[in-house]
Amino acid sequence: MKISHIEHIGIAVKSLEEAIPFYENMLGLKCYSVEEVADQKVKTAFFQVGQTKIELLESTGPDGTIAKFIEKRGEGIHHLAYAVESGVNQALTEVEAKGVQLLDKQARKGAEGMNIAFLHPKSTQGILTEFCEKGEK
Ligand code: CMX
């Protein structure tokens with residue numbers, strides 16, 4: 001597998017409306033996109049920082065992954081996403097063969113039309129890890 005860079009860092013927040021001004025007014029970043037990913041029950045906001053993005057994640061329902069995460073651990077870093085040049089499905093096959101527990105057996109569509117897949121944090125020293133690659137929108 002070939003990882004080119006950290007594609008994004010996912011940060012769980014209670015409210016995009018409350019969090020976005022910190023990134024824009026204090027850090028001087030520009031929120032270039034707000035997008036809902038219905039099947040993940042999240043609303044996302046993106047900021048570009050060099051090659052990497054910050055993805056703020058707000059839950060759209062009380063039973064969503066992000067709502068559960070915040071309830072248990074509070075707001076903060078939720079996941080780390082690597083851009084995989086050699087393709088998400090190939091990367092999944094490789095790490096599964098080495099004993100990593102997958103949350104997605106194959107790539108699926110995520111925010112920004114990316115092909116994405118998650119690895120279980122229990123297999124990755126407690127960091128929810130995502131593989132992603134550019135996909136057709
Ligand atoms: N990072 C690290 N550990 C995490 C975690 C995270 N983001 N979320 C949960 N965990 C830990 C829990 O603390 C728990 O640990 P303990 O057993 O020590 O208490 C363990 O993982 C299992 O957690 P759980 O509460 O029993 O299980 P959940 O139902 O919360 O599921 C997870 C956790 C990671 C399997 C689930 O969140 C998942 O499938 N995530 C992948 C999809 C996703 O995160 N989507 C939202 C983002 C979408 C986007 O970026 O567009």
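Of note:
- Exclusive hit being over 13 Å from the mean Cα position of the chain (by Cα), closer than 20 Å to Ile3 by Cα and modelled with pLDDT under 95, set Glu96, Glu112, Glu85: Glu85
- When residues in the stretch 31-52 are screened for being in contact (Cβ under 8 Å) with a residue 40 or more places away in the chain, more than 8 Å from the ligand (Cβ to nearest atom) and not small (Gly, Ala, Ser), 4 of them pass.
- Selection status of Val95, in contact with a Leu (Cβ under 8 Å, 6 or more places away or on another chain), away from the ligand (no atom under 12 Å from the Cβ) and free of Cβ contacts under 8 Å to residues at least 24 places away in the same chain: no
- Residue in the stretch 31-42 that is aromatic (Phe, Trp, Tyr) and surrounded by 14 or more Cβ atoms within 10 Å (Cβ to Cβ) present: no
- Of the set (1) of a type in the set (D, E, K, R); (2) part of a strand (DSSP E or B); (3) over 15 Å from Cys132 (Cα atoms); (4) within 9 Å of the ligand (Cβ to nearest atom), all apply to Glu55 but (3).
- Whenever a residue of the stretch 63-89 is without any contact (Cβ under 8 Å) to a residue 60 or more places away in the chain and over 17 Å from Ala111 (Cα atoms), its partners that are part of a loop (DSSP other than H, G, I, E, B) and near the ligand (Cβ under 10 Å from one of its atoms), lying with C-beta atoms within less than 9 angstrom and at least six residues away or across chains, give the pairs Asp63/Lys41; Ala67/Lys41; Phe69/Leu128.
- Within the option set Arg73, Arg108, being out of contact with any Phe, Trp or Tyr (no Cβ under 6 Å at 6 or more places or on another chain), more than 9 Å from the ligand (Cβ to nearest atom) and among the basic types (Lys, Arg) holds for one residue only, Arg108.
- Residue ID - farthest from Gln51 (Cα to Cα), chosen from residues in the stretch 112-137 that are of a type in the set (A, V, I, L, M) and assigned to a strand (DSSP E or B): Leu119
The values are calculated or read from the model by the stated rules, or taken from the named source; none is laboratory data. Bear in mind that the values here come from a model prediction, so they are computed numbers and not experimental data. Backbone-built Cβ (ideal geometry, glycine too); neighbour counts: all protein chains shown.
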